[in-house]
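Presented below is the structure to which this report refers.
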Amino acid sequence: MELFSKKRVVAHRGCRGSLPATIAAGLVVFAATAQASPIAQWTFESTAPTTAGPFTPEVGAGAASGFHAGSSTYSSPAGNGSTHSFSSTNWAVGDYYQFQVSTTGASGLEFIWDQTSSSTGPGNYELEYSLTGLAASWVNIEAYNVVPNAAPNPTWSSNPANYASIYTNTENLSAISAINNEPTVFFRLVDLTTTSAGGGTVGTSGTDRVDNVIVQVVPTPEPSSVVLATLGVVGVAAVAIRRRQRRDPAVARLTAAR
């Protein structure tokens, strides 16, 4: 099982000053112009959970909730760079966090969330979806590991400057057409095993918390951004070629001869 994280585009150091690196830099600018369309976003700042829910999102419409087969203590400790998150204790296999949204009129979706556990909290989860919420209707999307909220990792803090991307998971769901344009879609983060985030066994007081949960349309570039980015890449590439020609003695002699 692999941990998901935000993908970063990094130019290879060996290409510095080269045409491929120049074009790559232009493409990074292009990617940065993409705009997302949120369907629902939970930051838990206005709800500050102390129960299983449901909780409305801060942006859009939907419902977030928790489920535990046994008793659980729900709370809203510091999030990943925010004041509150959605946390609970006493995790058992099959317990979950659930997020319900409507995707009417939307397609090409992605699910983004921050998640962490204490060292004795659960370490293995699975993202699932359903159109009905019924027991036999759940479809597995991906299994993943949870990063423990403990050294040497940066710990969750209410200070926005302390946001840590290692806790952020992004799942592109654009290949799952079944969840497009549906009045109701459920997503769950389900505890899979008794193995804790610290590598031991999950304890009754072990916690797991989520924050910054977003269901949105996969970002696509605006038409104007496509034109500007293309012009930028072509222009910068032309400059790079011209500079290379100037540095080439043979090219310089031919130019002078003209």
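None of the figures in this text is laboratory data; all of them are computed from the coordinates on show. Quick caveat, the model's predicted, so the values are computed rather than measured. FYI the Cβ positions are ideal-geometry reconstructions off the backbone, even for glycines, and counts take in every protein chain you see.
Any idea how far the Cα center of the stretch 118-163 sits from the one of the stretch 187-209, in Å?
A separation of 9 Å, based on Cα centres.
Going by C-beta contacts inside 10 Å, put Ile166, Ile39, Ile176 in order with the fewest on the left.
With the fewest neighbours first, Ile166, Ile39, Ile176 line up as Ile166, Ile176, Ile39.
Taking the beta-carbon count within 10 Å as an exposure proxy, list Arg209, Arg188 from fewest neighbours to most.
On the way: Arg209 29, Arg188 21.
Fewest-to-most Cβ neighbours within 10 Å comes out as Arg188, Arg209.
Kirkwood Rh over alpha-carbon pairs of the stretch 36-220, then Stokes-Einstein at 4 °C and 1.567 mPa s: what D in µm² s⁻¹, rounded to an integer? Show your work: numbers first, answer last.
Working: Rh = 16.3 Å.
This corresponds to a translational diffusion coefficient of 80 µm²/s.
Could you give me the radius of gyration and the Dmax of the stretch 55-133, taking only the C-alpha atoms into account and expressing both in angstrom?
Just the Cα atoms of the stretch 55-133 yield Rg and Dmax of 13.9, 42 Å.
At 0.36 nm per residue, minus the direct Cα-Cα distance, what do Ser46 and Ser137 gain on full extension? Give it in nm, one decimal, please.
Details: separation 91, 0.36 × 91 = 32.76 nm, distance 3.17 nm.
Gain in length upon complete extension: 29.6 nm.
When a footprinting reagent is the concern and you count Cβ atoms within 10 Å, what order do Leu134, Leu192 take, fewest first? Kindly include the intermediate steps, with their values, before the conclusion.
Working: Leu134 9, Leu192 17.
Lowest to highest Cβ neighbour count: Leu134, Leu192.
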